[in-house]
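Asks: Dumping the structure here so I can ask a few things about it.
The values are calculated or read from the model by the stated rules, or taken from the named source; none is laboratory data. The structure presented is a predicted model; accordingly, all values stated were derived computationally and were not measured. No Cβ is skipped: glycine too gets one built from the backbone with ideal geometry, and neighbour counts run over all protein chains shown. In case anyone asks, the SASA skips ligands and DNA or RNA and just uses the protein heavy atoms, side chains included. Shrake-Rupley method; radii C 1.70, N 1.55, O 1.52, S 1.80 Å.
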Amino acid sequence: MSAERSEHYERSQQSHQSHQSQESEQPEHHGADAAGDRSARRAVTVFPFLVLVAGAVGLLLPGSFTGWGEAVPYLLGVVMFCMGVTMTPEDFRGVAKRPWAVALGLVAHYVIMPGLGWAVAHLLQLPPQLAAGVILVGCAPSGTASNVVTYLARGDVALSVSVATVSTLVAPLVTPPLTLLLAGEYLPVDAGSMVTDILKTVLLPVLAGLVVRLLAARHVQRTLPVLPWLSALTIGVIVTVVVAGSADAIKSAALLVFVAVVLHNGLGLALGYGAGRMARLGEPGSRAMAFEVGMQNSGLAASLATAHFSPLAALPAAVFSVWHNISGALAAAWLSRRTR
């Protein structure tokens, strides 16, 4: 839940960084940027534990969050607004500088993860609600922590930011039809209504945050170190609410869903990295591709699953939100050590 990119603080840094080659190096940071950098790294390190605690609270005290489900889209809007606030014109210039690499990342993301979701659902013979939930996670845009995880893995952050930006902006046009195509055999999918929901909970908050950044850049700069924590805490609340709504189902289907999520995420990371290597993006670019493909905006998936399917269908997204941050952090640590 992604935060599943805890958070898109790295977007703001790119206007001060130089990633001119595929073998890009991490630059120096000063002042507010350095403080924000440290804050983002701490947030992405703490985030998996925060999500675990949030999930445990929802599982142990489900009655305390009865009726909170309606707040999930608004909470997701807060996360997306924070993402928009950290975006800069440099993010969009990065897309123009390497359109072929960004296009490759976008295609890999929206082909590999939806396809894997469908394959995992069939392989494990998941019940319709869970199958639709797994597929919906695969059809979501890049996760909200992928930029920071790419940075920690010494990957190509500029490419990561560009792919994440585009995958989020095109989500209203791509996620609903993909979900209809792949999950329609399990449950009825109202693609038109899903487009409206994604516009309201993702695109509009992102654009609003971008406008705020453009109009009040100096004031926003001071808040950058806080934004990763605000996003992480908000996603924690989303996880608590989603888990609380599926508490009974978790007790009976937890192992099956966990296996599905581990397969989905692990294969996504591996195939994303492999796609980068096949396209000769270099080691940093391949690492960026791994996290942009394998990490999903499970907050959006949980919100859509709750609104269009059922709380049970949101269970894979809730588990994914925990696991992909743990696996991403572990993979980043391993890759970083390899570089050293």
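Asks: Could you name every one of the helices (runs of 4 or more DSSP H) located completely within the stretch 259-340 that has at least 3 residues being polar (S, T, N, Q)? Please lay out each step first, then the result.
Replies: Details: elements: 282-294, 298-308, 315-339.
Result: 298-308, 315-339.
Asks: Can you pull out every residue in the stretch 308-328 that is surrounded by fewer than 20 Cβ atoms within 10 Å (Cβ to Cβ) and within 15 Å of residue 148 (Cα to Cα)?
Replies: 326
Asks: Shifting gears a bit: Whether any residue in the stretch 223-242 is of a type in the set (S, T, N, Q) and not in a helix (DSSP H, G or I) is what I want to check.
Replies: Pass one, the stretch 223-242, residues of a type in the set (S, T, N, Q): 223, 231, 234, 240.
Narrowing the set further to residues that are not in a helix (DSSP H, G or I) leaves none.
The answer is no; no qualifying residue exists.
Residue-wise test of (1) touching a Leu at 6+ places or on another chain (Cβ under 8 Å); (2) open to solvent by 40 Å² or more (accessible area, probe 1.4 Å); (3) among the charged types (D, E, K, R); (4) at negative phi.
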position: 254; (1), (2), (3), (4): no, yes, no, yes
position: 261; (1), (2), (3), (4): no, no, no, yes
position: 279; (1), (2), (3), (4): yes, no, no, yes
position: 286; (1), (2), (3), (4): no, no, no, yes
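Asks: Still on this model: Tell me the residue from 277, 287 that is farther than 13 Å from residue 335 by Cα, charged (D, E, K, R) and more than 13 Å from the chain's Cα centre (by Cα), please.
Replies: 277
Asks: Separate question: I'd like to check something: does the stretch 149-163 contain any residue that is open to solvent by 10 Å² or more (accessible area, probe 1.4 Å), under 23 Å from residue 200 (Cβ atoms) and part of a helix (DSSP H, G or I)?
Replies: No: zero hits.
Asks: So which residues in the stretch 165-216 are over 21 Å from residue 307 (Cα atoms) and in contact with a Cys (Cβ under 9 Å, 6 or more places away or on another chain), if there are any at all?
Replies: 209
Asks: Being under 24 Å from residue 231 (Cβ atoms), open to solvent by 40 Å² or more (accessible area, probe 1.4 Å) and at pLDDT 80 or above: is that true of residue 78 here?
Replies: It is true that residue 78 is under 24 Å from residue 231 (Cβ atoms), open to solvent by 40 Å² or more (accessible area, probe 1.4 Å) and at pLDDT 80 or above.
Each row is one residue, and each column tells you yes or no for (1) of a type in the set (A, V, I, L, M); (2) touching a Leu at 6+ places or on another chain (Cβ under 9 Å).
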{"position": "145", "(1), (2)": "yes, no"}
{"position": "148", "(1), (2)": "yes, no"}
{"position": "160", "(1), (2)": "no, no"}
{"position": "168", "(1), (2)": "no, yes"}
{"position": "189", "(1), (2)": "yes, yes"}
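Asks: Output yes when any residue across the stretch 112-135 is at positive phi and open to solvent by 40 Å² or more (accessible area, probe 1.4 Å), and no when none is.
Replies: Scanning the stretch 112-135 turns up at least one residue that is at positive phi and open to solvent by 40 Å² or more (accessible area, probe 1.4 Å).
Asks: Now for a separate question. Criterion first (surrounded by fewer than 24 Cβ atoms within 10 Å (Cβ to Cβ) and more than 17 Å from residue 279 (Cβ to Cβ)) does residue 104 satisfy it?
Replies: Here the answer is no, as residue 104 does not meet what is asked.
Asks: Of the numbered conditions (1) at pLDDT 85 or above; (2) in a helix (DSSP H, G or I); (3) surrounded by fewer than 23 Cβ atoms within 10 Å (Cβ to Cβ), residue 96 satisfies every one except a single condition; which is it?
Replies: That leaves (1) as the condition not met.
Asks: Restricted to the stretch 41-58, and to residues that are at pLDDT 80 or above and open to solvent by 60 Å² or more (accessible area, probe 1.4 Å), which residue is nearest to residue 336 (Cα to Cα)?
Replies: Out of the qualifying residues, it is 52.
Asks: Just one of 227, 207, 215 is buried (at least 22 other Cβ atoms within 10 Å of the Cβ) and under 30 Å from residue 92 (Cα atoms); which is it?
Replies: From the options 227, 207, 215, the qualifying one is 227.
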